[in-house]
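The next block holds one structure in the form of structure tokens; read it before the comments.
Where a number appears in this text, it was derived from the coordinates with a stated rule and is not lab data. No experiment lies behind these values; they were computed from the predicted model shown. With ideal geometry, Cβ positions are generated from the backbone for all residues, glycine too; neighbour counts draw on all protein chains shown.
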Amino acid sequence: MTRNMKRLENRAAIVTGAATGIGLATAQRLLREGAYVLMCDIDEPRVRAAVQQMGFEPERCVGLCVDVTQGEQVGASVAEALRRWGRVDILINNAGITRDAQLMCMSESQWEDVIGVNLRGVFLFGKAVAPSMVENKRGVILNASSVVGLYGNFGQSNYAATKFGVIGLTKTWARELGPKGVRVNAVCPGFIATDILRSIPDKVMEKLEISSWQRRLGKPEEVAAAYAFLASDDASFVNGTCLEVSGGISL
């Protein structure tokens, strides 16, 4: 294994929404780079199965059922990481959902569900890990935004609002926590081949695939690579940025 594959040796990380898709790929990447990982997801059977499939020692990889909208559960998961490893070096706020509808058709529950997971969840986890990171004068918080959070998207008022909001949280926390040794950045994926895209009609998917200069959807592993870079000391002077991982979809 090359030296770069151990950039996160002995770092303690929390990844939310870790049972599938980008979260799962990110947990795998962090583990390969030497980190200890607490995989959090609301789907307990899937996160337990994901941990077993990883094949790492139990002390390196732990699965936990967590609803990111519930403060008590968020606090308990951070406390578990601190109990196991004594610190949290990396938080990746990856959990997210969609409930798409045009403005005139969107229900209040569709709005509230997406706000709860995509924005409230980021806030709760960030607030929970910040004190220990500040105490250690070291830490990295990485938040999942989206190209939709940069440019908007048809039928996604709720999703766009949360992803714009995540960028606002990221830049504010970078100002507040940066002087205390904690870096905060966001990743803005384009359209990535994950389960979240299954609800999109085939005709729309065809347009998405050709809208990128690379003429394809992104892979979860490509977003995971961006997270791994930003979590590492290779990005030690990167703070408050929003890294677009989209294959040039906005060009």
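In this structure the amide hydrogen of Ile97, modeled in the peptide plane, comes within under 5 Å of the amide hydrogens of Asn118, none closer than 5 places in sequence on its chain.
Between Lys180 and Lys219, take the C-beta separation as r, use R0 = 45 Å, and let me know the FRET efficiency to the nearest 0.05. My answer for the efficiency is 0.80. For the chain, the longest principal axis of the alpha carbon atoms and the long axis of helix 121-136 meet at an angle near 30°. Amide H to amide H distances under 5 Å link Gly63 with Met39, where only residues 5 or more positions off or on other chains count and H is placed in the peptide plane. Classification of segment 44-96 by its C-alpha gyration tensor yields an oblate form. The axis ratio a/c (a ≥ b ≥ c) is 1.5 or more, and b/c is at least a/b.
Gyration tensor analysis over the Cα atoms of segment 1-135 returns equivalent ellipsoid semi-axes of 28, 17, 13 Å (largest first, whole Å). Spatially close Lys pairs in the chain, defined by Cα atoms under 29 Å apart and a spacing of eight or more places or different chains, total 21. Counting only alpha carbon atoms, the long axis of helix 220-231 and the longest principal axis of the chain meet at about 50°. Summed over all non-identical Cα pairs, the Kirkwood treatment of the chain gives a radius of 18.1 Å. Amide H to amide H distances under 5 Å link Leu91 with Ile14, Val140, Ile141, Leu142, where only residues 5 or more positions off or on other chains count and H is placed in the peptide plane. If R0 equals 51 Å, the separation of the Cβ atoms of Ser107 and Asn136 corresponds to a calculated FRET efficiency of about 0.75. The relative contact order of the chain, computed from alpha carbon pairs under 8 Å that lie at least 6 residues apart in sequence, is 19 percent.
With kT/(6 pi eta Rh) evaluated at 20 °C and eta = 1.002 mPa s, and Rh the Kirkwood radius from Cα pairs, segment 121-167 diffuses with a coefficient of 180 µm²/s according to Stokes-Einstein.
Exposure proxy for Tyr151, Tyr227: other Cβ atoms within 10 Å of each Cβ, ordered fewest to most, give Tyr151, Tyr227. Of the residues Glu222, Glu72, the one with the fewest other Cβ atoms within 10 Å heads the list, and the complete ranking is Glu72, Glu222.
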